[in-house]
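To start, the structure itself, in structure tokens.
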Amino acid sequence: MSWTYAEIAKLIDHALLTPALKEEQLDAGCRLALDYDVASVCILPYAVTRCANILRGGTVRVSTVIGFPHGGQHASVKLAEARQALADGCEELDVVINISQAVSERWNYLTAELAPIIQTTHDAGQKVKVIFENCYLTDAHKRELCKICSDLGADWVKTSTGFGSGGATLDDLRLMRAYAAPHVQIKAAGGLRDLDMVLAARELGATRCGTSRTAEILDECRKRLNLTPLAATTSAPAGGY
């Protein structure tokens, strides 16, 4: 194999975004992420502190969503969400753009919306992923968003929330890698349900993959590498990505 278990595990943002997730399922999902040693747990904002307490001392980062899932909140509300998440211990923010303004080609609005969130997050020493929700956009929209995010210094551009009408596609990953600046990473999310899709995304330059199928994907990874299976905590219900 041209990859190791650690390389694949650290591609994964484990999604715990199901709206009806019970607290015990949330806790189990965080422990699962620790067992598999993934990149991060992506949790709803109210649970950031709880998640951070569970993950403390490990290498799994705390991430949350801003303007989720449709991006229509006022820009000032998104900024307030970001500040609260950072105060609660969040290390990576996945921010949904205002999709309506993108399809209306109101690029100045989107720049003004994203700039203070990115700056505030970077001032706190943390990172930002900007979610495009590509299923609603033309390729021209995606190219312009890549430019805006590159100019603003976003850490990642991300395909989807997992709650739109479509998720990550290989064509979109190729486009985003081609048009985002080299310093901007790519995150694939939405519909990543097996190891082969994760490997395909990695081959196209994705450095993160959002999924709720973490256990299934990484169990298959260990199987292909002839590694001992992990006795991980029971997974939370699939959903979100």
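The values are calculated or read from the model by the stated rules, or taken from the named source; none is laboratory data. Only a predicted model underlies this, so the values are computations on that prediction, with no experimental measurement involved. Here Cβ is always computed from backbone atoms with ideal geometry, including for glycine, and neighbour counts include all displayed protein chains.
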Practice prompt. Return a yes/no flag: does region 120-134 have any residue that is without any contact (Cβ under 8 Å) to a residue 60 or more places away in the chain and touching a Gly at 6+ places or on another chain (Cβ under 6 Å).
Written response: no
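One line per residue, one yes/no per condition, for (1) at pLDDT 95 or above; (2) outside any strand (DSSP E or B); (3) surrounded by fewer than 19 Cβ atoms within 10 Å (Cβ to Cβ):
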| site | (1), (2), (3) |
| --- | --- |
| 13 | yes, no, no |
| 29 | yes, yes, no |
| 42 | yes, no, no |
| 46 | yes, yes, yes |
| 53 | yes, yes, yes |
| 82 | yes, yes, no |
Worksheet item: Only one residue in 89, 72 is surrounded by fewer than 17 Cβ atoms within 10 Å (Cβ to Cβ), part of a loop (DSSP other than H, G, I, E, B) and not aromatic (Phe, Trp, Tyr), so which one is that?
Response: 72
Worksheet item: Does region 152-168 contain any residue that is modelled with pLDDT of 95 or more and assigned to a helix (DSSP H, G or I)?
Response: yes
Worksheet entry | Subset of region 15-27 (residues that are part of a loop (DSSP other than H, G, I, E, B) and either β-branched (Val, Ile, Thr) or buried (at least 17 other Cβ atoms within 10 Å of the Cβ) (or both)) | 17, 18, 21
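Could you pull out the residue among 96, 128, 60 that is under 28 Å from residue 204 (Cβ atoms), in contact with a Pro (Cβ under 8 Å, 6 or more places away or on another chain) and at pLDDT 95 or above?
Answer to the selection: 96.
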Practice prompt. Could you list all residues from region 200-228 that are basic (Lys, Arg) and either within 18 Å of residue 129 (Cα to Cα) or part of a strand (DSSP E or B) (or both)?
Written response: 202, 208
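Residue-wise test of (1) over 30 Å from residue 223 (Cβ atoms); (2) in contact (Cβ under 8 Å) with a residue 12 or more places away in the chain.
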position: 14; (1), (2): no, yes
position: 26; (1), (2): no, yes
position: 35; (1), (2): no, yes
position: 45; (1), (2): yes, yes
position: 58; (1), (2): no, yes
position: 69; (1), (2): yes, yes
position: 76; (1), (2): yes, no
position: 88; (1), (2): yes, yes
Worksheet entry | Residues of region 154-177 satisfying the condition of being farther than 21 Å from residue 128 by Cβ and not acidic (Asp, Glu) | 165, 166, 169, 170, 174
Worksheet item: Taking only pairs six or more apart or across chains, which ones have beta-carbon atoms under 6 Å, a first residue in region 146-165 that is more than 25 Å from residue 16 (Cβ to Cβ), and a second residue that is surrounded by fewer than 19 Cβ atoms within 10 Å (Cβ to Cβ)?
Response: 146/179; 148/111; 150/181; 152/115
